[in-house]
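Read through the structure below, which is laid out as structure tokens, and then see the notes.
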Amino acid sequence: MMQTPSSPLVGTVYIVGSGPGDLDLLTLRAARLIGEADAIVYDHLIAEGVLELARANAEKIYVGKKSSNHTVPQEQLNQLLVRLALAGRKVVRLKGGDPFIFGRGGEEIETLVESGIPFEVVPGVTAAAGCAAYCGIPLTHRDHAQAVAFATGHLKDGTINLDWPALARPKLTVVFYMGVGGLAEICRQMIAHGLPASHPAAVVQHGTTRRQRVLTADLGSLPARVEAAGIGSPALIIVGTVVRLHDKLAWFQPPSGNST
Ligand code: SAH
């Protein structure tokens with residue numbers, strides 16, 4: 001685009017994954033872009049301390065996003081990115097984990113494409129990879145699981161619309177994002193579709209951070225155990241016999257978290 005006094009160069013929007021929580025898991029590319037950005041648009045699940053990498057005069061715009069309480073509707077957010085870029089700003093749209101795994105990164109760039117705004121996508125460590133590593137639960141293992149699936153456990157009208165026969169497989173590890181509210185339903189469906197109630201399952205809250213909590217149990221007992229422990233969002237549910245490895249392989253000891 002030609003630059004004229006009345007039309008500044010269009011800025012680029014960087015859709016950046018900020019990893020699962022531990023600031024050290026940010027990529028070098030993410031850190032560099034955050035340090036250069038004119039505007040940073042972020043929501044609540046970003047690593048603690050990440051905004052301190054920004055320039056002091058960078059504009060920081062919070063757009064919230066808790067599952068039941070979207071502070072800024074998606075369409076408005078898409079338009080905000082377009083507006084900032086049209087004003088010539090270098091924009092970082094910061095997201096938890098990886099932008100293309102339950103991150104709506106795809107929806108945001110569709111609007112950018114339609115508006116002719118240049119963009120780049122920066123991958124991040126997704127919560128499943130981060131939690132698995134910091135819990136000592138390998139997602140695949142030659143003796144346990146030859147495949148892994150990431151699924152959304154988000155409840156809609158009391159149900160979760162998933163291909164349960166495909167997920168309830170003995171040699172598969174399934175990681176549910178956004179599943180704490182639907183935990184009882186998830187465990188019920190996995191058992192109803194053929195897994196034994198004794199099939200191992202874990203919940204990881206605040207994975208990779210100082211507040212990490214890990215609870216391992218089985219499909220039959222996990223919902224009651226999680227409720228008794230008072231574990232809530234953000235948390236991942238890991239279903240599979242790989243969960244048995246936690247006892248042997250756990251290495252990360254957060255000061256205030258615990259493992260049961
Ligand atoms: N794009 C993100 C996922 C966003 S969906 C990613 O790639 O990780 C939000 C869900 O991610 C939460 O409901 C929770 O299930 C999971 N999550 C994100 N950070 C987490 C963390 N530190 N520990 C456990 N689960 C986490």
* Asked: Near the amide H of ARG93, under 5 Å away, which other amide H atoms are found, from residues 5 or more places off or on another chain, if H is placed in the peptide plane?
  -> TYR14, ILE15, VAL16, VAL41
* How much length, in nm to one decimal, is gained on full extension between THR159 and GLU36, taken as 0.36 nm per residue of separation minus their Cα-Cα distance? -> 39.9 nm
* If the cut-off is 16 Å between C-alpha atoms, which aspartates and glutamates fall inside it for LYS248, apart from same-chain ones fewer than 8 positions away? -> ASP143
* Tally Lys and Arg at +1 and Asp and Glu at -1 over the other residues with C-beta under 14 Å from the C-beta of ILE15: what net charge comes out? -> -1
* For the chain, give the share of DSSP beta bridges that are antiparallel, in percent and rounded to the nearest 5; count only bridges with both residues there. => 45
* Asked: What net charge do the residues around LEU112 carry, taking every other residue with its C-beta under 15 Å from that of LEU112, with Lys and Arg at +1 and Asp and Glu at -1?
  -> 0
* Asked: Plugging the Kirkwood radius over Cα pairs into Stokes-Einstein for region 87-186, at a temperature of 20 °C and a viscosity of 1.002 mPa s, what D comes out in µm²/s?
  -> 134
* Structure fact -> The ratio Rg/Rh over the Cα atoms of region 128-220, Rh being the Kirkwood inverse mean 1/r radius, stands at 0.94
* Asked: In the neighborhood of LEU215, defined by Cβ-to-Cβ distances under 13 Å, what is the net charge if each Lys or Arg adds +1 and each Asp or Glu adds -1?
  -> -1
* Show me 42-55, 168-181, 122-135 ranked by packing, highest mean number of other Cβ atoms within 10 Å first. => 122-135, 168-181, 42-55
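Read-outs throughout are calculated quantities, based only on the coordinates presented, and are distinct from any laboratory measurement. Nothing here was measured: the structure is a model prediction, and the numbers come from that model. FYI the Cβ positions are ideal-geometry reconstructions off the backbone, even for glycines, and counts take in every protein chain you see.
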